[in-house]
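First up is the structure itself, then whatever we jot down about it.
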Amino acid sequence: MSTTAEQPRVAMILAAGRGERMRPLTDRCPKPLLRVRGKPLIEHHVERLATAGIGRIVINLAWLGSMIRDYLGDGSRYGVTLTYSHEEPRALETAGGIFRALPYLTPGPFLAVNGDVFTDFPFAQASLNTDRDAHLVLVPNPPQHAGGDFGLEHGLAVPRAAAQYTFSGIAVFRERFFENCVDGAFPLKPLLLRSMAARRCSAELYAGIWEDVGTAERLQALNA
């Protein structure tokens, strides 16, 4: 069966988390609005997605979500259309948040990126083959996650391999990846493992700039 690569035309930034490890910084400021090199983390994403030609961006909101919405507005100053998916009073975890936002993201493949990472990954190059349900961007393991998450074999993501890598929080999905899911809070990993078992989850290794801004110390290091 012949396959072709499809590029997403819509993206989702995951921004609903509480940011517990960043407290007290996140007690009054949602983590995606913490500033890295002069501007909020989430603004870096919006600008780079716009530059990549992605004109529609969905952002999920929970903890202090109104502050994110007030800061970014409707997206017009970035040349994009921003839509907000609400999860108040509590975040729905990664997969639950994406599933609730599916009406804004489909049809066709869509890009998803964690709102608390800092990266120069080239979003314009993101794609998903027609015979796959998901494509993961993996990165070399950072010191705080030395064991990694998944392996990479012949272009496919696998649960275990001789070399393990860290999931960057950047991925491309299709709606069918979330088949049989129902609205509510649920994690991403079981769905990834299901897709890997069916050999429908591709992956790539990215060696450029990528930082998980998960602690105040890492935020300080980035700004240094």
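The table below lists the values:
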read-out	value
q = 0.14, 0.15, 0.17 Å⁻¹: log10 I(q)/I(0) that the Debye formula gives for the chain, counting C-alpha atoms only	-0.86, -1.00, -1.31
Accessible area, probe 1.4 Å, largest first, for residues 51, 3, 119	51, 3, 119
Student exercise, segment 1-57 dipole from Lys, Arg, Asp, Glu Cβ charges, in Debye to nearest 20	260
Derived scalar couplings ³J(HN,Hα) [segment 53-67; Karplus, 6.51 cos²θ - 1.76 cosθ + 1.60; whole Hz; x for Gly, Pro]	x, 8, x, 10, 10, 9, 10, 8, 10, 8, 4, 6, x, 5, 5
From phi via Karplus (6.51, -1.76, 1.60), per-residue ³J(HN,Hα) for segment 165-175 in Hz, x at Gly/Pro	10, 9, 5, 6, x, 10, 7, 10, 10, 10, 4
Amide H within-cut-off set for residue 85, under 5 Å, with H built and near neighbours excluded	59, 60, 61
Cβ-based net charge around residue 179, under 13 Å, with every Lys or Arg adding one and every Asp or Glu removing one	+2
Theoretical FRET efficiency, 1/(1+(r/R0)^6), r = Cβ-Cβ of residue 145 and residue 76, R0 41 Å, to 0.05	0.65
Neighbour count of at most 11 Cβ within 10 Å plus DSSP loop: longest trypsin sites (Lys or Arg not before Pro)-free window in the chain	91-159
GluC sites (Glu not before Pro) restricted to segment 112-183 and DSSP loop, no more than 16 other C-beta within 10 Å	179
Counted charge near residue 106, where neighbours are those whose Cβ lies closer than 12 Å (Asp, Glu -1; Lys, Arg +1)	+3
Ranked order, 189, 31, 39 - accessible area, probe 1.4 Å, largest first	189, 39, 31
Magnitude of the charge dipole, the chain, Cβ model with Lys/Arg +1 and Asp/Glu -1, debye to 20	120
Percent accessible area from carbon and sulfur atoms, the chain, protein chains only, probe 1.4 Å	51
Inter-centroid distance (Cα atoms) of segment 1-69 relative to segment 169-224, Å	13
Residue among 135, 145, 44 with the largest mean-square fluctuation in a Gaussian network model of the chain, springs linking Cα atoms under 10 Å	145
Accessible surface ranking that places the most exposed of 83, 26 first, with a 1.4 angstrom probe	83, 26
DSSP bridge pairs, the chain: antiparallel proportion in percent, nearest 5	55
For residue 14, residues with placed amide H under 5 Å, excluding near neighbours	113, 114, 115
Rh (Kirkwood; distinct C-alpha pairs) - segment 1-95, Å	14.1
Segment 68-142: proportion of alpha-carbon pairs further apart than 15 angstrom, %	69
5 angstrom amide H check on residue 141, placed H, neighbours 5+ away	166
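The values are calculated or read from the model by the stated rules, or taken from the named source; none is laboratory data. This one's a predicted model, so the numbers in the text were calculated from it and none came from an experiment. So basically every Cβ, Gly included, is an ideal-geometry build from the backbone, and we count neighbours across all protein chains shown. Surface areas here come from the heavy atoms of the whole protein model, side chains and all, with no ligands, DNA or RNA. Shrake-Rupley method; radii C 1.70, N 1.55, O 1.52, S 1.80 Å.
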